[in-house]
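Below is one structure; the comments refer to it alone.
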Amino acid sequence: MVEYVWLTIAFPLIGVLINLFFGRLLEDAFSKWFKRSEVTGFIGSVTVVLSFLVSFAIFLQALGIEHFSHQVKLWDWITIGDFHVAISFLVDPLSIIMLLVVTGVGSLIHIYAVGYMDHDEGSARFFTYLNLFVASMLVLVLSDNYAGLYVGWELVGVCSYLLIGFWFFKPSAADAGKKAFIVNRIGDFGFALGIFLIWSTFGTLDYMEVFHEVGASHGEFASVINWVTILLFVGAIGKSAQIPLYVWLPDAMEGPTPVSALIHAATMVTAGVYMIARNNVLFAMAPNVSLVIAFVGAITAFFAATMALVAFDLKRVLAYSTISQLGYMILAVGVGAYAAGIFHLFTHAFFKALLFMAAGSVMHAMKGVIDMRRLGGLKDKMPETYWTFLIGAAALSGFPLITAGFWSKDNILVKAFELQQPNQAFGIILYTIGIITALLTAFYTFRAVFMTFHGEPRDKNLYDHAHENRRVMTLPLWILAIFSIGAGFLGLPSKLGLPNWIEDGWLYSVMAESHEILEHAHHFAHIGFGLEIALLSISAVVALVGIFGAWHVYIRYPQIAVDTARYAGRFYQLVLDKYRVDELYDTWIIEPGKGLADILAKIVDMNFIDKTLVDGSANSVRGLGHIMAILQTGYIRNYVMVIFVGIVVMGVYFFLL
Amino acid sequence: MGIELPSLNFGALLPVIIVILTSVMVLIFDLALSDKRPLGWISFVGLMFAGGAGWIQQSMEGFDPAFQNMAITDGYTHFFNLIFVVGAGLSVLVALGYLGKKGLQGGEYYAMLLLATSGMMIMAAGTDLMIIFLGLELMSISLYVLAAINRYSRASLEAGIKYFLLGAFASAFFLYGIALIYGASGSTNLNGIGEGLKAVPKGYEALPLFGLGLLIIGFSFKIAAVPFHWWTPDVYHGAPTSVTAFMSVGAKAAGFAALIRVLTVSFGFDGSMFADNWHVAVATLAVLTMTLGNLTALAQNDVKRMLAYSSIAHAGYVLVGVVTGTEQGISAALFYLMAYAFMNIGAFAVISVLEQQDAIGTNLEEYAGLAGHHRVLAMLMAIFMLSLMGFPMLGGFWGKVYVFLAAIEAGWIVLAIIAVLNSGIAAYYYLRVIVHMYMSPVSDQSHAINLNSAMQVALGLAAFGTILLGVMPARIMDLAASSGLFG
């Protein structure tokens, strides 16, 4: 089955072709019987579901096989001298788990979008982009070399641009699309440099060959690896929305909600985490860089959580929570817990897709209103949305024992706590930031739950309009809800004697080499049973306290929230304004950049380059062209004359020289 | 007393034989059928069979000389046969879609096209100057007729006459060149010439050198190299568009096939003083051809005429690959010709769809806003234009990359720089078409567009080939590199 892995990419691409060229035609043809989005959405969904089925078959084949790793080469893509790039895929436990997440969650999002987009005229275009997004992400996770990784990396960037700006007639959406693309480009620049450095150092872009060379080396690549990992991480900062390049993600809300779900859960932002986990050998050999990565992740997690505390836009709360959760994943891969990072990515994909789609369900029912100050009391009107959202929120908060988020987040926190290189203090600091963030997470998540679904309806008109959505939208929610609970049991803490299938079983072979490197460096202290229980209990208490706090503030004594906001005054306003980071960038980077561009454009370019160099050379070349054209008289006698001259010249050359 | 018949090895020339038999079949069926369209499909099927025969030959081991070293079917021949089958097959489909509109549907058209194709195949397979000349004439005479086949059009007749007169002129030079070389080396066989020339004493090289010069001039006519290109714009413009598509690809490739074989086999041997001479001569031709072709194309407002000049420029790029004389350069030239076959026929196919009467519908102004009322056609044209321009991830891009890279590695740095500058200039006139199609308001002169199924297949295949060569160039490059010319 594994040799058919290319089908997983081919199916969505077929969907792209059909919807791109025939989407509108098919919609018109079936318009008597089906809504527009049902026709193209059916094609889009079926192709991704097929892709999922292939992925699942590959998963079943790989199950129980140790060191499952296949390179499936389709063809040589580029061969120029020594530079070889093949269209070739690496199928191993890491890429399989990504395959399952991307196609599985992707399928549900596609199906949900059939219902969500039923009022939109542009559904053919929407599903074209959506399928392309999935295909791009699969290229990213499946490629067995950095060139393919980069192609996928850029393709998801393009798709995010197209989808965030899907409603391009809204200036805010068009701007958000541009912002996402440009901010990502900044990260991509570093990423590309990293790949160039890999190529110039190792002479190959194949993962396996690079890892092999690194593994066989004896420290001679140490400084190169430091630079490579820094540059690759710059790419991850952009794509996985870490400080300072996280600013694009909250604005990405301007796209249709299924897009947000796709970007935040299954594709795009997970790319950075995946990339670091894929290169775990390199990152394990760069402990100092890794420590920086861990701190960037931890600080991002905390910082984003504070912004989520005060946001009133439900989707924005979720967006900040994504940045925060990505911070956890980056923290995990930074401290060397690669499997823990992927495990959190895995569980997060389910509950974040669930939360977004449930929020979208609210938005769909409320005529596009998503401001929580106008919502409230929706739990009886939209019971299915409410219950599924509640399950997702519980998972995000880390509600103890029964939710996936609890286990995967705790796994990361324990690993951070265990860190003892270069200094145990760093581990404690990282853990502390993580656990405080966990408290904030539980609080803001349930703040959103209570403000949206509980209490009195704040806008009576909207409330009366509200209704539960169609089955095509709620069914995916229930499926995701099941996984938001169940997925956690794949990675229980092994220190308690429980099976941690994902870390010790499934992903073990991928991480084995870096695991050995870290063990050798005494990277982790191994805590005992008792401490583990203690840490688990702290996590559990923190989550419950956060939830209780939200209930206390927003249901029992709503006045507290108002008072606190007034009391905190300017600081509250600062957080509400997202720390004015956007304004900071605007003042210090964008405006000076525009000024410089203005000077260059109006003075240097328009006068000198454009008028003199460009127009000058173009005019002279075109003038030459017109002169040459005159030679073409149409008379054979002239032609023969010139030919004869040519022959004489050639004769003279051969005879005399 | 028995006479021992020489072993002819017909099998080696199977593709040629299939094509000729098909043309005979077309002529016979022409008598019986009143609807001429099946003849086109017969031709297409025949060409596919010829391609299949080539495929089978290729899978067999060893290269067979045939007709007593008059011809050979090596990997080089196979590769060119593939180009000819692609070029002729697409041209037949374009003709099926185009001729009906012009009232030209007829058996003689397809028969002539197939005969020309067989001539091209003979040129590529020939290892004797006489056989190459035979193929050249078979191809040329068929093409003269094809150029003039629209007997109701003055432009078409003029094109035929011009092509014929200048072509006859060129053939004379070519023959004279053969005579001089025979005089100097005592052979017309390519290997024999090489052997003979080694024995030419120092100081007596003028005779074979002049012969070589005349041969190069003869080929330069066929590949439309400057300053022997004069017929090209007039003929390409005047001839029916389906003929132009075929000529621009097939005749050019055939000219290159024979030119490269002659230069490398007879004059390229180690230590040959001729090698230095022809390298410089061909490099001069390449520079002139690229530059003049591109500059003049800039000044054109008629798309068909613009593509005529562009085809001259492309011959220049291929010549850059030939100049190197290295295996890498020759493979690159072969790859280029393959990519050119797809993208250029595709572009001419779009032109033929839009063309109405003589020279109406080929002006750039009439492409304005095409994207507005025929999205697919505009997109295909954009693909072909971008590929011709050398836009990444399309066939034309890799053709240029390989050729330029080969030139650099063989030490022709200045030549490579000139070539790159030229492809920069060329971007202007290719992009101009796209700008007109996508960014201008719809022209009020736009006509109804009628795409029949044959034309759809032709356009689809051409676009598919263009993209395929862009996505998996390494495969085709392997095929070109294993062509066996370098043993």
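See the values below:
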quantity	calculated
Among the candidates B:N294, B:N277, residue that is at pLDDT below 90 and within 11 Å of chain A (Cβ to nearest Cβ)	B:N277
Any hit, the stretch A:255-270, residues being surrounded by fewer than 24 Cβ atoms within 10 Å (Cβ to Cβ) and in contact with a Ser or Thr (Cβ under 6 Å, 6 or more places away or on another chain)	no
Conditions (1) more than 24 Å from the chain's Cα centre (by Cα); (2) open to solvent by 30 Å² or more (accessible area, probe 1.4 Å); (3) at negative phi; (4) at pLDDT below 90: number failed by B:I72	(1)
Flag if B:V265 is within 28 Å of B:A71 (Cβ to Cβ), β-branched (V, I, T), open to solvent by less than 30 Å² (accessible area, probe 1.4 Å) and away from chain A (no Cβ under 14 Å)	no
Unique residue being closer than 30 Å to A:G376 by Cβ and at pLDDT below 90 when the list is A:A416, A:A404, A:A393	A:A404
Residue check for A:Q71: polar (S, T, N, Q), in contact with a Leu (Cβ under 8 Å, 6 or more places away or on another chain) and under 26 Å from A:L507 (Cα atoms)	yes
Matching option when the condition is touching a Phe, Trp or Tyr at 6+ places or on another chain (Cβ under 8 Å) and among the polar types (S, T, N, Q), among A:T270, A:T229	A:T229
Members of the stretch A:98-121 that are open to solvent by less than 10 Å² (accessible area, probe 1.4 Å) and not in a helix (DSSP H, G or I)	A:M117
Selection within the stretch A:347-399 - closer than 17 Å to A:I263 by Cβ, open to solvent by 10 Å² or more (accessible area, probe 1.4 Å) and part of a helix (DSSP H, G or I)	A:F350, A:M363
Residues (closer than 30 Å to A:E209 by Cα, among the aliphatic types (A, V, I, L, M) and out of contact with any Ser or Thr (no Cβ under 7 Å at 6 or more places or on another chain)) located in the stretch A:144-181	A:A147, A:V151, A:V158
Residue among B:S220, B:S248 that is open to solvent by less than 10 Å² (accessible area, probe 1.4 Å), within 14 Å of chain A (Cβ to nearest Cβ) and of a type outside the set (D, E, K, R)	B:S220
Residues (more than 7 Å from chain B (Cβ to nearest Cβ) and either touching a strand residue (DSSP E or B) at 6+ places or on another chain (Cβ under 9 Å) or open to solvent by 70 Å² or more (accessible area, probe 1.4 Å) (or both)) located in the stretch A:616-644	A:N619, A:I627, A:I630, A:L631, A:Y635, A:R637, A:M641, A:F644
Within the stretch A:1-24, considering residues that are within 19 Å of A:D118 (Cβ to Cβ) and not basic (K, R), the one farthest from the chain's Cα centre (by Cα)	A:G23
Output for the stretch A:33-51, where each listed residue is under 16 Å from A:P258 (Cα atoms) and at pLDDT below 85	A:S37, A:E38
Number of the condition not met by A:P592 [criteria: (1) surrounded by fewer than 13 Cβ atoms within 10 Å (Cβ to Cβ); (2) at pLDDT 80 or above; (3) within 14 Å of chain B (Cβ to nearest Cβ)]	(3)
The stretch B:330-362, residues that are surrounded by fewer than 19 Cβ atoms within 10 Å (Cβ to Cβ) and of a type outside the set (D, E, K, R)	B:Q356, B:Q357, B:A359, B:I360
Top-ranked residue of the stretch A:50-66 - restricted to ones that are open to solvent by 50 Å² or more (accessible area, probe 1.4 Å) and free of Cβ contacts under 8 Å to residues at least 60 places away in the same chain, ranked as farthest from the other protein chains (Cβ to nearest Cβ)	A:G64
Pair list, Cβ < 9 Å and 6+ apart or interchain, from the stretch A:472-491 residues that are more than 16 Å from A:G104 (Cα to Cα) to residues that are open to solvent by 60 Å² or more (accessible area, probe 1.4 Å) and part of a helix (DSSP H, G or I)	A:F489/A:W501; A:L490/A:W501; A:G491/A:W501
Unmet requirement for A:Y557, which otherwise passes all of (1) more than 14 Å from chain B (Cβ to nearest Cβ); (2) over 30 Å from A:T403 (Cβ atoms)	(2)
Of residues in the stretch A:524-572 being outside any helix (DSSP H, G or I) and in contact (Cβ under 8 Å) with a residue 24 or more places away in the chain, the one most open to solvent (accessible area, probe 1.4 Å)	A:H526
So B:M112, is it in a helix (DSSP H, G or I) and open to solvent by 10 Å² or more (accessible area, probe 1.4 Å)	yes
The stretch B:434-453 residues that are closer than 25 Å to B:G97 by Cα, paired with ones that are among the polar types (S, T, N, Q) and modelled with pLDDT under 85 (beta carbon under 7 Å, 6 or more apart)	B:H447/B:Q356
Selection within the stretch B:48-99 - over 17 Å from B:F10 (Cβ atoms) and aromatic (F, W, Y)	B:W55, B:Y76, B:F79, B:F80, B:F84, B:Y98
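Residues are listed down the side, and each one gets a yes or a no for (1) touching a residue at least 24 places away in the same chain (Cβ under 8 Å); (2) surrounded by fewer than 17 Cβ atoms within 10 Å (Cβ to Cβ); (3) within 20 Å of the chain's Cα centre (by Cα); (4) more than 30 Å from B:A407 (Cα to Cα):
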{"residue": "A:E38", "(1), (2), (3), (4)": "yes, no, no, yes"}
{"residue": "A:F68", "(1), (2), (3), (4)": "yes, no, no, yes"}
{"residue": "A:D76", "(1), (2), (3), (4)": "no, no, no, no"}
{"residue": "A:V85", "(1), (2), (3), (4)": "yes, no, no, no"}
{"residue": "A:I96", "(1), (2), (3), (4)": "yes, no, yes, yes"}
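The values are calculated or read from the model by the stated rules, or taken from the named source; none is laboratory data. Just so it is clear, the model here is predicted, and its values are computed rather than measured. Glycine also receives a Cβ, built like all others from the backbone with ideal geometry; neighbour counts cover every protein chain displayed. Each accessible area value is taken on the protein alone, full model and side chains, heavy atoms only, with ligands, DNA and RNA left out. Shrake-Rupley method; radii C 1.70, N 1.55, O 1.52, S 1.80 Å.
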